1. Treat every Asp and Glu Cβ in the protein assembly as shown as -1 and every Lys and Arg Cβ as +1, leave all other atoms uncharged, and give the resulting dipole magnitude about the Cα centre to the nearest 20 debye.
2. Quick one: work out the % antiparallel among DSSP beta bridges in the protein assembly as shown, nearest 5.
3. State the Cα centre-to-centre distance between the range B:54-115 and the range A:12-66 in whole Å.
4. Among all the lysines, which ones have a C-alpha under 30 Å from A:K13's C-alpha, if same-chain residues fewer than 8 places away are not counted?
5. Report the charge-dipole magnitude of chain A in Debye, nearest 20, computed about the Cα centre from +1 at each Lys and Arg Cβ and -1 at each Asp and Glu Cβ.
6. B:K97: which lysines have alpha carbons under 20 Å from its alpha carbon, excluding same-chain residues fewer than 8 sequence positions away?
7. From the residues A:S31, A:P8, A:S65, which one has its Cα farthest along the dipole of chain A in the positive direction, the dipole being from +1 and -1 charges on Cβ of Lys/Arg and Asp/Glu about the Cα centre?
8. Residue farthest toward the positive end of the dipole of the range B:3-114, with Cβ of Lys/Arg at +1 and Asp/Glu at -1: which of B:Y89, B:S30, B:G106?
Amino acid sequence: EAGVTQSPTHLIKTRGQQATLRCSPISGHTSVYWYQQALGLGLQFLLWYDEGEERNRGNFPPRFSGRQFPNYSSELNVNALELEDSALYLCASSVTGGARPLHFGNGTRLTVT
Amino acid sequence: AQSVTQLDSQVPVFEEAPVELRCNYSSSVSVYLFWYVQYPNQGLQLLLKYLSGSTLVKGINGFEAEFNKSQTSFHLRKPSVHISDTAEYFCAVSESKAAGNKLTFGGGTRVLVKP
């Protein structure tokens with residue numbers, strides 16, 4: 001079974017640009033979660049998508065947005081990049097319903113210069 | 001809202017010695033509990049989970065954890081560590097009544113296994 005895949009592995013952008021990160025969930029998983037892992041700040045919840053809809057959002061500004069496609073893959077968009085957006089962005093997937101563990105991808109390392 | 005506290009940010013330990021990583025949580029509702037491991041330059045891998053039933057949970061790679069409801073703790077243990085256990089370990093909770101599986105993570109504990 002293929003795991004959660006994320007692309008690109010690394011992304012370098014300059015301040016003010018936009019970044020697009022992509023995630024393909026495990027086959028059969030309809031929920032996708034995005035987390036930010038910034039140095040010194042731990043793992044912070046960004047967004048949850050299920051069945052194509054945004055279900056929950058963490059405490060991040062609106063320039064962090066995303067979507068989920070009919071095949072359940074997802075993309076995270078970060079507009080007007082700031083230096084503090086530099087982080088590892090992790091995508092996770094699960095089947096719908098509670099009591100299901102999240103399965104994580106290896107992340108996209110975003111560096112903003 | 002839930003919160004998770006991992007009491008030790010770093011734990012050095014010698015190879016073949018036991019290790020315990022402490023995790024305490026606070027929540028006004030019942031929760032599910034998880035431990036994940038993150039190796040360098042990788043994502044998170046599930047070690048074990050507590051959903052219900054026996055409070056002693058066994059996971060992969062020889063790890064186990066014990067859920068203590070009265071102390072709101074979920075400490076992770078391994079009786080004998082290997083060099084390959086060097087990694088960062090995260091404790092996490094999710095609300096049992098929530099519609100989804102959003103996790104709230106602790107700050108992580110870095111384990112450094114020394115020969």
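1. Once rounded to the nearest 20, the dipole reads 200 debye.
2. Among the beta bridges of the protein assembly as shown, antiparallel pairing accounts for roughly 90 percent.
3. Here the two parts' Cα centres lie 24 Å apart.
4. Partners within reach: B:K102.
5. Values: 9 positive and 9 negative charges, 39 e Å.
Using only the charged Cβ atoms, the result is roughly 180 debye.
6. Straight-distance partners of B:K97: B:K49, B:K69.
7. The Cα lying farthest towards the positive end belongs to A:P8.
8. B:S30
Read-outs: derived from the displayed coordinates by stated rules, not from any lab. As the structure is a prediction and not an experimental result, all values here were calculated from the model. Note: ideal-geometry Cβ built from the backbone for every residue, glycine included; neighbour counts use all protein chains shown.
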